[in-house]
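All of the numbers you see were taken from the coordinates with simple rules; none came from a lab. This one's a predicted model, so the numbers in the text were calculated from it and none came from an experiment. Cβ coordinates were reconstructed from backbone atoms using ideal geometry, including for glycine residues, and neighbour counts include every protein chain displayed.
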Amino acid sequence: MDEINDVVHMLTTTDNPFNPFTQFDEWNAYDIKEGWGTLSYLARVVRSSHELSESDQHKAFEQGIQEILNEDVFGVYVRVTADTADAQAARSNIG
């Protein structure tokens, strides 16, 4: 993988107050409770296979996230990294 692909991204919603990297169980429970089903949505969009290399699986995952973001007309979804996830979770707690 090249340097850009070394960054791990997760897809979350703007209202989720949990970090999907460090509070995954809480993040997922909130996501399901709110009816988003982000993991299921991503699984439907990602075109991957166990036969792909790890690098190609990573690319497929990133393409799936980008496809969801491109189609997100209501601005519900956001891509986060381990470095930005806490800030995004904190923003969702405001208001």
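Name the residues in the stretch 20-66 that are touching a helix residue (DSSP H, G or I) at 6+ places or on another chain (Cβ under 6 Å) and either farther than 18 Å from Thr81 by Cα or of a type in the set (D, E, K, R) (or both), would you? It would help to see each step written out before you state the result.
Here is the first cut: in the stretch 20-66, the residues touching a helix residue (DSSP H, G or I) at 6+ places or on another chain (Cβ under 6 Å) are 20-21, 31, 38, 42, 45-48, 58, 64.
Those that are touching a helix residue (DSSP H, G or I) at 6+ places or on another chain (Cβ under 6 Å) and either farther than 18 Å from Thr81 by Cα or of a type in the set (D, E, K, R) (or both): Asp31, Val45, Val46, Arg47, Ser48.
Would you tally the residues in the stretch 74-88 being more than 20 Å from Ala43 (Cα to Cα) and either in a loop (DSSP other than H, G, I, E, B) or out of contact with any strand residue (DSSP E or B) (no Cβ under 8 Å at 6 or more places or on another chain) (or both)?
Residues of the stretch 74-88 that are more than 20 Å from Ala43 (Cα to Cα), as a first pass: 74, 82-88.
Applying the additional criterion that residues be either in a loop (DSSP other than H, G, I, E, B) or out of contact with any strand residue (DSSP E or B) (no Cβ under 8 Å at 6 or more places or on another chain) (or both) yields 74, 82-84, 86-87.
Result for the stretch 74-88: 6.
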Here the residues within the stretch 28-53 that are assigned to a helix (DSSP H, G or I) and touching a residue at least 24 places away in the same chain (Cβ under 8 Å) are Thr38, Tyr41, Leu42
Regarding Asp72, is this residue of a type in the set (Asp, Glu), free of Cβ contacts under 8 Å to residues at least 24 places away in the same chain and either within 14 Å of Phe18 (Cα to Cα) or touching a Cys at 6+ places or on another chain (Cβ under 8 Å) (or both)?
no
Restricting attention to the stretch 54-73, which residues are acidic (Asp, Glu) and in a helix (DSSP H, G or I)?
Glu54, Asp56, Glu62, Glu67, Glu71
Being of a type outside the set (A, V, I, L, M, F, W, C) and surrounded by fewer than 12 Cβ atoms within 10 Å (Cβ to Cβ) is the filter here; which residues of the stretch 28-46 pass it?
Lys33, Gly35, Ser40, Arg44
For the stretch 60-75, enumerate the residues that are surrounded by fewer than 15 Cβ atoms within 10 Å (Cβ to Cβ) and within 12 Å of the chain's Cα centre (by Cα).
Gln63, Gln66, Glu67, Leu69
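Restricting attention to the stretch 43-59, which residues are under 13 Å from the mean Cα position of the chain (by Cα) and within 16 Å of Val8 (Cβ to Cβ)?
Narrowing the stretch 43-59 to residues under 13 Å from the mean Cα position of the chain (by Cα): 43, 45-46, 58.
Within the stretch 43-59, Val46, His58 qualify.
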